[in-house]
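Chemist: Okay, here's the structure, questions in a sec.
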Amino acid sequence: MFKGRHFDRSLILLCVRWYLAYGLSLRNLEEMMAERGIAIDHATVHRWVIRYSAVLLQRFNPQKRSVGLKWHMDETYIKVRGAWMYLYRAIDSTGDTVEFWFSERRDLAAAKRFLTNALKRHGRPERIVIDGSQTNREAIVSCHKTNRLQDRSRRRLTPIRVRQSLYLSNRIEQDHRAIKRRVRPMLGFKSRDSVRIVLGGIEMVHMMRKQQARFAFNPHPSLAEQFDILAA
């Protein structure tokens, strides 16, 4: 994973973790390393973030605990090159992250793509809570019909219950804030190619803080320890 790198593994993981977890810019990290006598260009840190965020998330996903059967689904805004785009997200009734998906559009196709990924990875929930979005309701109904057509067990699939409630959607609105707090200091992403990777890394850190990995119990490992486990 770190073969051929000029800098030490621990230093690379430190910079990647600090960038994903805290409100630091790439130039902040360049200055902080310089104070420690380590000369690292901010562009190098950015390359590390892009390279290792994707690898660490890929290793994290198989270690993720099962989620509950009651989900809350919503989307939030992310600015990329001056334009607003969308991050679809879902959490379960305990607040654990179910799934996330970045989309340049907010439409039925994007909602269906997000739900298809979530259903494939986590199975069918009993209920999904949404706000007043008719598009998200249509996506849930459509995904249920697709599941029913693809199911070969000949058993009758119970429809996914949909509850539309602005009050109940506050749970996921609160969860959005942890992601928005980290994204805000970045002042908007400059590249559509990297936004998915960086958001994936930020979501991974958010799940680590929720102790969603199966290895994150008794005792609860720190973020640094969880990064070391994934990078081992």
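Chemist: Suppose each label sits 7 Å from its Cα in the direction of the beta carbon; what would the Lys145-Arg113 distance come out to in nanometres?
Modeler: Label at Lys145, label at Arg113, 2.1 nm between them.
Chemist: What percent antiparallel are the DSSP beta bridges of the range 67-189, to the nearest 5?
Modeler: Here the antiparallel bridges make up roughly 65 percent for the range 67-189.
Chemist: With springs connecting C-alpha atoms under 10 Å apart, model the chain as a Gaussian network and identify which of Met33, Met73, Met85 has the largest mean-square fluctuation.
Modeler: Fluctuation is largest for Met33.
Chemist: Next question. Below 8 Å between Cα atoms, with a sequence gap of 6+, how large is the relative contact order for the chain in percent?
Modeler: Value for the chain: 25 percent.
Chemist: So which trypsin sites (Lys or Arg not before Pro) in the range 1-107 pass both tests, a DSSP loop state and at most 15 other Cβ atoms within 10 Å of the Cβ?
Modeler: Lys3, Arg5, Arg36, Arg65, Arg81, Arg105
Chemist: How much FRET efficiency would the formula 1/(1 + (r/R0)^6) give for Ile38 and Ile229, where r is the Cβ-Cβ distance and R0 is 22 Å, rounded to 0.05? Mind dumping the intermediate values first?
Modeler: Working: r = 24 Å, r/R0 = 1.11.
Computed FRET efficiency for Ile38 and Ile229: 0.35.
Chemist: With contacts defined as alpha carbon pairs under 8 Å and 6 or more residues apart, what's the relative contact order of the range 67-189 in percent? Walk me through the numbers on the way to the answer.
Modeler: On the way: 190 pairs, mean separation 34.8, N = 123.
The normalised contact order for the range 67-189 reaches 28 percent.
Chemist: How many angstrom lie between the Cα centre of the range 6-76 and the Cα centre of the range 155-222?
Modeler: Cα centroid to Cα centroid, the span is 15 Å.
Chemist: Just check the chain against the gyration tensor rule for me: Cα atoms, a ≥ b ≥ c as the square roots of the eigenvalues, rounded for a/c under 1.5, and otherwise prolate or oblate depending on whether a/b exceeds b/c.
Modeler: Numbers: a/c = 2.24, a/b = 1.75, b/c = 1.28.
It is prolate, given that a/c is not under 1.5 and a/b is the larger ratio.
The numbers here are math on the coordinates, done by the rules we state, and not lab data. Keep in mind it's a predicted model, so treat the numbers as computed, not measured. Every residue, glycine among them, receives a Cβ derived from its backbone with ideal geometry; neighbour counts consider all protein chains shown.
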